[in-house]
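Participant: Sharing a structure with you now.
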Amino acid sequence: MNLNPFAIGIHGGCGTLEEERLNPQQWALVRAALHASLLAGWRVLRDGGPALDAVEAAVVVMEDSEHFNAGHGAALTSAGDHELDAALMDGRDARAGAVCAARTIRNPIRAARAVMEHSDCVLLCGSAADAFAARCGLAGVPNSYFTTERRRAALAAVQEHARAGTSAQASESDRHGTVGAVARDQAGNLAAATSTGGFNDKAPGRIGDTPIIGAGTYASNGVCAVSCTGRGEIFMREVVAHEVAARLRYAGQTLDEATRAMVFDVLAGYDIGAGMVAIDAAGTIVTPYNTTGMARGWIGSDGVAFVATHGTVHRIEAA
Ligand code: ASP
């Protein structure tokens, strides 16, 4: 869909709950959270703000929502606590910031922004990231703030499958998820942001693709912005987000061709859940995924929003 002159697209991870695990009212709440995220970013763009501010604003809303695996509601490590990864990238100048294995930052995406703007690093890890965020005046929380009953139950289910040797049968939604946003602003600038709790039952210290620029998150003006979701180890090995941009830049592929080639061709060989949201220089947004569902949404300058978790796309008229 092409949504000139400004647009934002989001995903809430390709580890979406199977449709039958929530009732229609509960799914409506998930879609409402997606819509709130879209509107937060859209208002920034409507008011002439930069794409970078828009993607950060959209991701903050999903980090604060219990429905997604990022911030409050994040996945748990095998030790039963949380280590969060986040990154953003500004397509104007290839500046980027990221944090990984953060434990006490309420909104890791804000910390990623602070790393970009107030340090000479791109990626800060663990307690150094937590301390840096605190020094920047960002809100801190106890690690337990991120825990929800759903994630505890998911961790128990994943660990039970591991004990029984049936890990491949664990539900995609119990295993992982992520949130992300891409945007084009009125000046034509692109930006991407991604935030995650990673995989449930992940080893302490494990870092996924999300905070690795070029793997899970990438933006370059005139080309595209990409935010990925799926088995991070494979996204790192295939440098997926940058590969999408390279296909546009050097192979002349369209955004649709490039993203579909990655999800349904390159990544298909690994037998993993995979998805992404991406936007090109013209404001075209795509959301390919290979799982049964991926929370996602997009909105253009007319303010008409589209949100979905599985096959059905819901149109929400502008207020
Ligand atoms: N990419 C994330 C990670 O590997 C997980 C996900 O997107 O589902 O940490």
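The values are calculated or read from the model by the stated rules, or taken from the named source; none is laboratory data. Please read all numbers here as calculations on a predicted model, not as lab measurements. No Cβ is skipped: glycine too gets one built from the backbone with ideal geometry, and neighbour counts run over all protein chains shown.
Participant: Given the criteria touching a residue at least 40 places away in the same chain (Cβ under 8 Å), away from the ligand (no atom under 16 Å from the Cβ) and surrounded by 15 or more Cβ atoms within 10 Å (Cβ to Cβ), does Ala183 qualify?
Facilitator: On the way: touching a residue at least 40 places away in the same chain (Cβ under 8 Å): yes; away from the ligand (no atom under 16 Å from the Cβ): yes; surrounded by 15 or more Cβ atoms within 10 Å (Cβ to Cβ): yes.
Yes: the conditions hold for Ala183.
Participant: Assuming Trp298 fulfils every condition listed in (1) more than 16 Å from the ligand (Cβ to nearest atom); (2) surrounded by fewer than 18 Cβ atoms within 10 Å (Cβ to Cβ); (3) within 24 Å of Ser173 (Cβ to Cβ); (4) within 19 Å of the chain's Cα centre (by Cα) apart from one, which condition is it?
Facilitator: (2)
Participant: Residues being assigned to a helix (DSSP H, G or I), hydroxyl-bearing (Ser, Thr, Tyr) and closer than 24 Å to Gly13 by Cα: count how many of those fall in segment 248-263.
Facilitator: Applying the first criterion (assigned to a helix (DSSP H, G or I)) to segment 248-263 yields 248-251, 255-263.
Of the ones still in play, those that are also hydroxyl-bearing (Ser, Thr, Tyr) are 250, 259.
From what is left, the residues that are closer than 24 Å to Gly13 by Cα are 259.
Result for segment 248-263: 1.
Participant: Something else now. How many residues, within segment 264-284, are within 15 Å of the chain's Cα centre (by Cα) and away from the ligand (no atom under 16 Å from the Cβ)? Can you show your working first?
Facilitator: To start, the set of residues in segment 264-284 that are within 15 Å of the chain's Cα centre (by Cα) comprises 273-279.
From what is left, the residues that are away from the ligand (no atom under 16 Å from the Cβ) are 279.
The qualifying residues number 1.
Participant: Can we say Val141 is modelled with pLDDT of 95 or more, touching a Phe, Trp or Tyr at 6+ places or on another chain (Cβ under 8 Å), within 24 Å of Ser37 (Cβ to Cβ) and of a type in the set (A, V, I, L, M)? Full working, then the answer.
Facilitator: Working: modelled with pLDDT of 95 or more: yes; touching a Phe, Trp or Tyr at 6+ places or on another chain (Cβ under 8 Å): no; within 24 Å of Ser37 (Cβ to Cβ): yes; of a type in the set (A, V, I, L, M): yes.
Judged against the criteria, Val141 is not a match.
Participant: Same structure again: What's the number of the condition Gly177 fails, among (1) assigned to a loop (DSSP other than H, G, I, E, B); (2) over 22 Å from Thr229 (Cα atoms)?
Facilitator: (2)
Participant: Further question on the same structure: Are there any pairs with C-beta distances below 6 angstrom linking a residue in segment 57-74 that is charged (D, E, K, R) to a residue that is assigned to a loop (DSSP other than H, G, I, E, B) and within 12 Å of the ligand (Cβ to nearest atom), with the two at least 6 apart or on different chains, and if so which?
Facilitator: Glu63/Ala70
Participant: A follow-up question, please. Could you check Ile234 against (1) near the ligand (Cβ under 10 Å from one of its atoms); (2) touching a residue at least 60 places away in the same chain (Cβ under 8 Å); (3) not in a strand (DSSP E or B) and say which number it fails?
Facilitator: Every listed condition holds for Ile234 apart from (2).
Participant: Further question on the same structure: Looking at Gly205, Gly198 in this structure, which one is within 16 Å of the ligand (Cβ to nearest atom) and either buried (at least 24 other Cβ atoms within 10 Å of the Cβ) or part of a strand (DSSP E or B) (or both)?
Facilitator: Values: Gly205 fails: either buried (at least 24 other Cβ atoms within 10 Å of the Cβ) or part of a strand (DSSP E or B) (or both).
Going through Gly205, Gly198 in turn, just one is within 16 Å of the ligand (Cβ to nearest atom) and either buried (at least 24 other Cβ atoms within 10 Å of the Cβ) or part of a strand (DSSP E or B) (or both): Gly198.
Participant: Can you tell me which residue is surrounded by the fewest Cβ atoms within 10 Å (Cβ to Cβ) among those in segment 59-78 that are hydrophobic (A, V, I, L, M, F, W, C) and within 16 Å of the ligand (Cβ to nearest atom)? Explain how you work it out, then say what you get.
Facilitator: Residues of segment 59-78 that are hydrophobic (A, V, I, L, M, F, W, C), as a first pass: 59-62, 68, 70, 74-76.
After this cut, where a residue has to be within 16 Å of the ligand (Cβ to nearest atom) as well, the list is 59, 62, 68, 70, 74-76.
On the way: Val59: 33, Met62: 31, Phe68: 31, Ala70: 33, Ala74: 31, Ala75: 28, Leu76: 25.
Here the residue is Leu76.
Participant: What single numbered condition from (1) away from the ligand (no atom under 16 Å from the Cβ); (2) surrounded by 24 or more Cβ atoms within 10 Å (Cβ to Cβ); (3) not hydroxyl-bearing (Ser, Thr, Tyr) fails to hold for Asn189?
Facilitator: Answer for Asn189: the failing condition is (2).
Participant: Using the structure shown, decide if Ala102 is more than 13 Å from Gly297 (Cβ to Cβ), within 16 Å of the ligand (Cβ to nearest atom) and touching a Leu at 6+ places or on another chain (Cβ under 6 Å).
Facilitator: Values: more than 13 Å from Gly297 (Cβ to Cβ): yes; within 16 Å of the ligand (Cβ to nearest atom): yes; touching a Leu at 6+ places or on another chain (Cβ under 6 Å): yes.
Criteria met by Ala102.
Participant: Read through the list (1) free of Cβ contacts under 8 Å to residues at least 40 places away in the same chain; (2) over 20 Å from the mean Cα position of the chain (by Cα), then give the number of the only condition that Gly97 fails.
Facilitator: Failed condition: (2).
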